[in-house]
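Right, one structure below, let's go through it.
None of the figures in this text is laboratory data; all of them are computed from the coordinates on show. Keep in mind it's a predicted model, so treat the numbers as computed, not measured. Don't worry about glycine lacking a Cβ; one is built from the backbone with ideal geometry, like all the others, and counts go over all protein chains shown.
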Amino acid sequence: MTGTTYNIPPQPPVAANNHELVAGAVTFGVEYRKLDPESLRATYAGNEEQLAELEARSPEGGFFDTGVSIHVCGSDDGYEYLRFDVFDDEPHYHYVHRHDDGEIENQVIEFDATANGDMLAWVNRCLRDRLVEMLEAAGGGRVAGRLDPKVIEPVLDDVVAMADAARRGHA
């Protein structure tokens, strides 16, 4: 499996900062995030096992970063299957696998800007050309099977424009 796998879910979006755009079977969220050790500890504070994994796998001083997150969730179940973190320092993306037993497998893959160029442009291409395959890889085959490109395409224009505006507004 590519990337680093965690047994904790990614930090959930902050509802007040997350702008949701429904596109049939999927809902996209666009959120500008400021990641820091304190907010991460607060997220996992209620689960000692998850908090212990966060602490054990954090770099010295903890995780710090800022940037735009694009969330890809099932419209019916609200589950986040994919996340693209177009961050300033360590851009990456997630496949968030949910197993039948309820366990989470959070696969984090570093983005290679040298090979792929600007991450937001890359995300735009992935969402337009590889969304079905990426959802299936994250265990969202049921959602992928219900995608309607005619519904998704115009919403993706808004997702990318909103993400670009958020990124420029905080640059």
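The Cα center of region 1-74 and the Cα center of region 118-136 differ in position by 19 Å. Here the residues His99, His71, ranked from fewest to most Cβ neighbours within 10 Å of their Cβ, fall in the order His99, His71. The stretch between Asp36 and Ser58, if pulled fully straight at 0.36 nm per residue, gains 6.8 nm over its current Cα-Cα span.
Taking label points 7 Å from Cα along the Cα-to-Cβ direction, Asp89 and Thr66 give a separation of 1.2 nm. Each Cα pair under 8 Å and six or more residues apart adds its sequence gap; the mean of these over the residue count of the chain is a relative contact order of 25 percent. The simple Förster model, with R0 at 22 Å and r as the Cβ-Cβ distance, assigns Asp129 and His99 a FRET efficiency of 0.20.
The calculated FRET efficiency for the pair Ala113 and Ser75, based on their C-beta separation and a Förster distance of 25 Å, comes to about 0.20. If you wrap the chain in the convex hull of its Cα atoms and look at it from every side, the mean projected area works out to 10.0 nm².
Rounded to the nearest 20, the Cβ-based charge dipole of the chain about its Cα centre (Lys and Arg +1, Asp and Glu -1) stands at 520 debye. For the chain, modelled as a GNM whose springs connect Cα atoms under 10 angstrom apart, the maximal fluctuation among Asn47, Asn17, Asn124 occurs at Asn47.
Once both labels are positioned 7 Å from their Cα atoms along Cα-to-Cβ, the gap between His170 and Arg146 label points is 3.1 nm.
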